[in-house]
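The values are calculated or read from the model by the stated rules, or taken from the named source; none is laboratory data. Only a predicted model underlies this, so the values are computations on that prediction, with no experimental measurement involved. Heads up, the Cβs are rebuilt from the backbone with ideal geometry, glycines too, and the neighbour counts pull from every protein chain shown.
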Amino acid sequence: MKILILGAGQVGSTVAESLVSEANDITVVDADAAKLRLLQDRLDLRTLAGNASHPSVLEQAGIADTDMLLAVTQSDEVNLVACKLAASLYNTPTRIARIRASDFLEREEIFNKDNFCVDFSICPEQILTDYIVKLIEFPEALQVLEFADGKASLVAVRAFEGGPLVGKQLNFLRTHMPQVETRVAAIFRKDRPIIPQGDTVVEEGDEIFFIAATANIRSVLQEMRRMDRPTKRVMIVGGGNIGRRLAQALEHDYHVKLIEFNRKACEKLAGELTNTLILNGDGTDEKLMQQEHVEDIDVFCALTNDDENNIMSALLAKQGGARKVISLINRSAYVGLVQGGKIDIALSPAQVTIGSLLAYVRQGDVAVVHSLRRGAAEALELIAHGDRKSSQVVGRRIEEVALPTGATIGAIVRGDEVIMGHRDTLIQADDHIIVFVINKAIVRKVEKLFRVNLGFF
Amino acid sequence: MRRALTVIHALGLLLVLFSMTYVLPLATALIYADQSVFLDFLLAMVCTASLGVLMWLLTRHFKGELSIRHGYLLVVGMWTAMPAFATLPLLLVLPGLSFTDAYFETMSGLTTTGATVLVGLDNLPAAINLWRHELNWLGGLGIIVLAVAVLPLLGIGGRQLFKAETPGPMKDSALTPRIAETARNLWLVYLGITFACMASLKWAGMNWLDAVCHSFSAMGLGGFSTHDASVGYYNSPRIEFILIIFMLLAVMNFATHFMALRARSFSVYRSDPEVFPTLVVILGSCVGIAFYLWWQGIYSSYWLALRHASFNLVSIATSSGYASVDYAQWPIFAPLWMMLLTATVASAGSTGGGIKMIRTLVLVKQAGREFIKLLHPAATNPMKIAGQVVSNNIVFSVLGFIFLYFMAIATLTFVLLISGMDFISAFTAILASINNCGPGLGVVGPASNYQGLTDFQTWICTLAMLLGRLEIFTLLILFTPQFWRR
């Protein structure tokens with residue numbers, strides 16, 4: 001597939017990286033030639049320096065025979081114009097734009113085909129914010145990923161002493177909580193994947209991925225570890241796009257303190273937020289943290305633009321007594337370095353947000369893609385179409401589906417119902433199937449499995 | 001000197017405009033076939049108009065653009081000259097009246113204070129009573145605002161004038177792009193609600209003259225009445241209820257009324273930061289004071305207590321100053337609480353007096369900010385009212401205003417004490433004057449009036465009324481050397 005990416009910022013370059021590895025032809029356009037050079041040094045793609053909203057630049061980038069346009073520059077306006085041009089001048093089939101301003105997002109008609117012709121709009125900051133909100137809601141979880149409009153969730157949790165399941169076989173779950181349906185999709189022990197069987201014994205320190213109806217998350221979590229007291233106080237460092245959105249999302253349910261270095265930015269934040277205490281200061285200033293009682297903080301989020309600052313302030317907060325610390329880290333090398341140590345959760349914005357883009361890029365009927373374990377694994381929500389003849393999955397029991405090794409069907413969402421994937425569950429047409437893939441290399445095979453044969457049409 | 005002449009030129013024009021307002025009492029005199037009063041008013045009108053034309057003509061070479069300084073000078077000039085000219089019919093019709101008392105009466109009318117030195121109001125000629133009430137009404141929204149609305153030749157300077165006369169700390173929120181349009185809309189809303197009030201009062205049983213007069217003084221929150229016994233004369237719950245409703249309307253920002261009418265929705269009132277606290281404070285106080293009076297055994301039933309407490313409290317709190325009973329006889333807590341409310345509950349841009357609810361909110365929030373600042377020294381905590389950040393400049397100007405306001409009250413109270421008045425009378429007289437409320441307690445209480453004051457004391461109260469109406473800064477700025485420096 002020929003893909004044109006406008007903007008080589010964080011979102012643009014991560015998407016490019018992820019798509020290059022899936023054998024696509026990628027062209028990246030950005031105004032900053034230096035950024036492009038960096039990208040080209042690393043990845044096998046074409047780059048072009050220029051203003052992404054100018055038709056001449058787009059033509060040069062080969063928009064005429066592009067299958068998909070990803071307009072992910074910093075500027076909403078440039079993205080909108082690029083989509084409009086692509087639709088009206090070049091008939092580009094699929095157009096995706098990154099839109100940040102809620103003013104635009106509130107008026108859906110802006111995006112329809114009479115106006116700016118945006119097929120899908122994504123807002124990485126909002127996706128990241130929603131992700132962090134989930135983590136704050138379930139402070140015990142490492143990751144909470146939603147499927148089928150939030151009906152089912154995939155939750156990652158580290159098993160700790162005090163959880164009834166720890167030291168027992170997985171079978172024990174069903175006897176211990178017969179009323180709650182859940183399924184363990186994967187276990188990572190010392191960073192190595194284990195395909196869970198009924199007789200697998202859960203050890204302390206295991207990273208467990210389980211799927212459950214969203215309403216049941218809490219009771220399953222209780223099996224894995226001792227529950228913390230619910231989150232009440234949240235401290236955020238960095239009042240940028242993400243910090244501000246997060247504070248906005250949390251300020252009515254939690255006590256939120258936000259530390260921002262820039263005084264002007266503080267004043268602006270204070271104007272926009274109603275219930276948040278805005279503190280002007282350095283996120284790595286331990287005196288300020290003491291003054292603001294970091295020891296009482298339940299969740300501490302370091303969300304500045306600067307990886308090193310985020311790591312340092314998260315470490316300081318942890319040492320100061322914050323219960324759970326989350327640090328935003330852009331450089332993937334740091335993520336592996338830090339996670340699981342003193343910092344409870346290292347968030348890679350690219351990994352969190354890429355899934356929503358990938359879902360549009362992938363062929364077949366992929367509704368949701370979540371990238372797991374720094375891109376090594378994936379959880380997909382696929383929609384089954386066709387009938388027993390045209391499809392390789394519909395009308396078959398799960399054990400009959402020829403899934404490649406390393407992929408497991410975790411659950412099926414049928415209408416409003418969440419059904420756990422047992423061996424004898426029958427797959428019907430239009431089911432949403434949540435598949436957990438331990439190794440990204442086999443994602444293609446899984447997708448191919450769900451594609452409908454031509455006979456269907 | 002040149003500046004003063006430019007201002008006198010504009011002042012002449014405003015006086016000609018003001019002379020037009022004699023038409024209403026003239027018509028009243030005609031209706032009541034009162035020939036001598038008619039001639040007196042005609043004489044007053046001709047005097048005012050010809051003097052205005054004279055001032056205008058003599059200074060025509062100094063016609064110029066009105067700057068900020070001109071604005072202050074013109075507003076203060078107009079607010080001292082207007083009451084002076086308005087005394088003419090009073091002096092002509094009532095020969096026994098001294099200029100001091102007449103000036104007090106017209107100033108009290110125009111500043112919407114509603115304190116009176118006249119007795120035997122019931123027997124005054126109809127035209128004189130109407131004239132007094134018309135002054136209340138004109139002063140309510142402001143004669144300069146009216147001038148800006150109808151005189152296009154005030155031009156760009158109009159905005160300065162508008163700002164100098166309109167009460168409240170934040171005056172930049174123009175409703176329409178043109179200031180004249182804004183002024184016109186405000187007056188139309190004012191006029192419309194006044195007609196509604198008039199019709200309701202007539203329906204409730206007043207005669208036409210009383211209905212017109214009381215609707216004028218209710219909407220201006222002036223509080224003049226055509227009877228010595230004020231609204232107590234009617235002893236009618238229905239009239240009292242109607243007046244309460246319209247006083248509460250008048251104590252809100254007229255810009256809010258305008259926007260609500262334009263949008264045809266009540267949600268505008270919800271987003272107005274002042275409406276809710278004003279109503280809560282007034283209604284809470286009514287219920288509480290009524291309970292207090294009933295508990296103290298002043299009234300035999302709670303409902304009777306509620307009726308009297310509500311009317312008198314709303315009347316005093318909104319700075320109208322009607323009375324239906326002699327509330328000075330109530331235990332001192334109740335009337336003092338009412339006087340305190342006068343100082344705080346009126347909205348900016350309403351016809352009420354005092355420091356205004358918006359400034360009260362700013363002060364309360366500033367106090368809260370200081371606490372936050374002590375607990376969290378690093379906190380950035382801007383003041384927000386109705387979701388909007390209020391800049392520190394406005395907070396400082398409010399603090400400055402409050403300081404001057406209390407200094408003015410303290411100083412003028414001391415002056416009255418020196419002149420031989422007792423403390424309660426002196427304090428409440430100044431409080432009632434500076435808040436443009438009307439009756440105080442003691443010798444200036446609701447049962448008596450300001451007639452017993454010496455000439456000196458009367459002038460002090462007159463000054464206090466003007467200070468309060470022009471919100472202190474506009475008047476005092478003329479006495480700073482910087483104002484006159486080039």
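For this structure, a couple of remarks:
- Residues (of a type in the set (A, V, I, L, M, F, W, C), surrounded by 17 or more Cβ atoms within 10 Å (Cβ to Cβ) and either farther than 18 Å from A:Thr214 by Cβ or in contact with a Phe, Trp or Tyr (Cβ under 9 Å, 6 or more places away or on another chain) (or both)) located in segment A:388-417: A:Val393, A:Val394, A:Ile398, A:Val401, A:Leu403, A:Ala407, A:Ile409, A:Ala411, A:Val413
- The set of residues in segment A:81-120 being of a type outside the set (A, V, I, L, M, F, W, C) and touching a Phe, Trp or Tyr at 6+ places or on another chain (Cβ under 6 Å) consists of A:Lys84 alone.
- Meeting the requirement of 2 or more residues that are closer than 30 Å to A:Thr425 by Cα, the strands (runs of 3 or more DSSP E) wholly within segment A:178-252 are A:182-189, A:192-194, A:207-213.
- Test: B:Ala180 is modelled with pLDDT of 90 or more and out of contact with any strand residue (DSSP E or B) (no Cβ under 9 Å at 6 or more places or on another chain): no
- Pick from segment B:365-406, criterion touching a residue at least 40 places away in the same chain (Cβ under 8 Å) and of a type in the set (Ser, Thr, Tyr), ranking: farthest from the other protein chains (Cβ to nearest Cβ): B:Tyr405
- Entirely in segment B:253-306, the helices (runs of 4 or more DSSP H) that have 3 or more residues that are within 22 Å of the chain's Cα centre (by Cα): B:254-263, B:275-295
- Looking across segment A:253-262, the residues that are surrounded by fewer than 21 Cβ atoms within 10 Å (Cβ to Cβ) and within 14 Å of another protein chain (Cβ to nearest Cβ) come down to A:His255, A:Phe261, A:Asn262.
- Look at (1) within 14 Å of chain B (Cβ to nearest Cβ); (2) surrounded by 17 or more Cβ atoms within 10 Å (Cβ to Cβ); (3) of a type outside the set (A, V, I, L, M, F, W, C) and you find that A:Arg225 fails only one, number (1).
- A single entry from B:Leu58, B:Leu42 fulfils the requirement of being closer than 15 Å to B:Arg2 by Cα and modelled with pLDDT under 95: B:Leu58.
- Considering the conditions (1) more than 16 Å from A:Lys134 (Cα to Cα); (2) modelled with pLDDT of 90 or more, A:Thr274 is excluded by exactly one of them, (2).
- Top-ranked residue in segment B:109-134 [being within 17 Å of B:Phe99 (Cβ to Cβ) and over 18 Å from the mean Cα position of the chain (by Cα); ranked as surrounded by the fewest Cβ atoms within 10 Å (Cβ to Cβ)]: B:Leu118
- Scanning segment A:344-379 for residues that are assigned to a helix (DSSP H, G or I), under 22 Å from A:Ile136 (Cα atoms) and among the β-branched types (Val, Ile, Thr) yields A:Val352, A:Thr353, A:Ile354.
Every residue, every condition in (1) hydroxyl-bearing (Ser, Thr, Tyr); (2) within 30 Å of B:Thr480 (Cβ to Cβ); (3) buried (at least 19 other Cβ atoms within 10 Å of the Cβ), yes or no:
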residue	(1), (2), (3)
B:Thr6	yes, yes, yes
B:Leu15	no, yes, yes
B:Pro25	no, no, yes
B:Ser36	yes, no, no
B:Ser50	yes, no, no
B:Trp56	no, yes, yes
B:Leu66	no, yes, yes
B:Met78	no, yes, yes
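- When the residues of segment B:337-352 are filtered to those that are touching a residue at least 40 places away in the same chain (Cβ under 8 Å) and part of a helix (DSSP H, G or I), the one that is farthest from B:Ala218 (Cα to Cα) is B:Trp337.
- Residue count for segment A:289-308 under the criterion of being surrounded by 19 or more Cβ atoms within 10 Å (Cβ to Cβ) and not aromatic (Phe, Trp, Tyr): the result is 11.
- Verdict on A:Leu382 being in contact with a strand residue (DSSP E or B) (Cβ under 9 Å, 6 or more places away or on another chain) and in a strand (DSSP E or B): yes
- Considering the conditions (1) small (Gly, Ala, Ser); (2) at pLDDT 90 or above; (3) assigned to a loop (DSSP other than H, G, I, E, B), B:Ser50 is excluded by exactly one of them, (3).
- Listed by position, the helices (runs of 4 or more DSSP H) inside segment A:1-114 whose residues that are modelled with pLDDT under 85 and touching a Leu at 6+ places or on another chain (Cβ under 8 Å) number at least 2 are A:10-20.
- A single entry from A:Ala346, A:Ala314 fulfils the requirement of being at pLDDT 85 or above, small (Gly, Ala, Ser) and farther than 26 Å from A:Ser21 by Cβ: A:Ala314.
- Any hit, segment A:135-152, residues being over 27 Å from A:Ala215 (Cβ atoms), among the basic types (Lys, Arg) and either surrounded by fewer than 20 Cβ atoms within 10 Å (Cβ to Cβ) or touching a Gly at 6+ places or on another chain (Cβ under 8 Å) (or both): no
- Of residues in segment A:117-152 being without any contact (Cβ under 8 Å) to a residue 60 or more places away in the chain and not acidic (Asp, Glu), the one nearest to A:Gln222 (Cα to Cα): A:Lys134
- Among the candidates A:Thr231, A:Thr276, A:Thr214, the residue that is buried (at least 17 other Cβ atoms within 10 Å of the Cβ), among the hydroxyl-bearing types (Ser, Thr, Tyr), in contact with a strand residue (DSSP E or B) (Cβ under 9 Å, 6 or more places away or on another chain) and under 25 Å from A:Glu378 (Cβ atoms) is uniquely A:Thr214.
- Residue among B:Ala410, B:Ala426, B:Ala447 that is away from chain A (no Cβ under 14 Å), modelled with pLDDT under 90 and more than 17 Å from B:Thr106 (Cα to Cα): B:Ala447
- Segment A:146-175, residues that are among the polar types (S, T, N, Q), assigned to a strand (DSSP E or B) and over 30 Å from A:Ala367 (Cβ atoms): A:Gln169
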